[in-house]
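The values are calculated or read from the model by the stated rules, or taken from the named source; none is laboratory data. These figures come from a predicted structure and were not determined experimentally. Cβ placement follows ideal geometry from the backbone for every residue including glycine, while neighbour counts extend to all protein chains displayed. Just so you know, the surface numbers come from the protein's heavy atoms only, side chains and all, with ligands and any DNA or RNA stripped out. Shrake-Rupley method; radii C 1.70, N 1.55, O 1.52, S 1.80 Å.
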Amino acid sequence: MLLLSGCSGKEGKSVPSLPENICWGAFDSSSVAPLLPTGRQAQVVMSEEPGFDIFKYRYQANASCDVKVDGKSGFYAFARRQIRGKGADWNYGGFSTIRIPIGDEGFIWKSTAASVFRCERPDLPTGWDAAVGRLERNVVLRLVAATAPDNGQTRVALTALMRRYVDFAKRELKCANGA
């Protein structure tokens, strides 16, 4: 967990300062900052296992990073391995879905972006773990910026961040079919 204080701008409203790179180094703070609300203090909360390798442990199938401002989630990045790949259920409460050409399948909503891709990784475990490894070769990535300003740029920013996130994930997960 990392706590950071921001500098006050006009009328004391600014986005708190962040380290140059956040969430496993997947994102630079200048790309995430426009999606964050103003506040006094930022906190980066990582999943219990701070690494990104969701294939490393049999029972740890996900990784998360939450950038909080004054205790409230401002930007959330999530990765999960799963059995289902393309055609996964992307219906978020009936919100309109726009397809984006990222990963094997990508979607964007008002303040959320998601993508799924198959990760072919030759070093996955053999033996009794092999069944898990053979089945869970799909990676789902999700970005959420629920408190992002409604300025018309949120979807553009999330699309760009998702493109970087998929490239990062394929590289970090050592997918043979990677970026």
Output for Cβ contacts, cut-off 7 Å, separation at least six or different chains, first residue more than 18 Å from Asn21 (Cβ to Cβ) in the stretch 159-178, second assigned to a helix (DSSP H, G or I), reads Gly178/Lys170; Gly178/Arg171
Pair list, Cβ under 6 Å, 6 or more apart: the stretch 56-83 residue more than 26 Å from Ala157 (Cβ to Cβ), other residue open to solvent by 50 Å² or more (accessible area, probe 1.4 Å) and in a loop (DSSP other than H, G, I, E, B): Gln60/Glu49
Matching residues, the stretch 137-167, being assigned to a helix (DSSP H, G or I), open to solvent by less than 40 Å² (accessible area, probe 1.4 Å) and touching a strand residue (DSSP E or B) at 6+ places or on another chain (Cβ under 8 Å): Leu158, Thr159, Leu161, Met162, Tyr165, Val166
Would you check if Arg121 is of a type in the set (Lys, Arg), open to solvent by 30 Å² or more (accessible area, probe 1.4 Å) and modelled with pLDDT under 85? no
Condition first: closer than 15 Å to Ser17 by Cα and among the small types (Gly, Ala, Ser). Now tell me which residues in the stretch 28-72 satisfy that. Ser29, Ser30, Ser31, Ala33, Gly39, Ala42, Gly71
Among the residues of the stretch 44-57, which ones are surrounded by fewer than 18 Cβ atoms within 10 Å (Cβ to Cβ) and modelled with pLDDT of 90 or more? Val45
Go through the residues of the stretch 68-81 one by one and say whether even a single one is at positive phi, at pLDDT 90 or above and open to solvent by 60 Å² or more (accessible area, probe 1.4 Å). yes
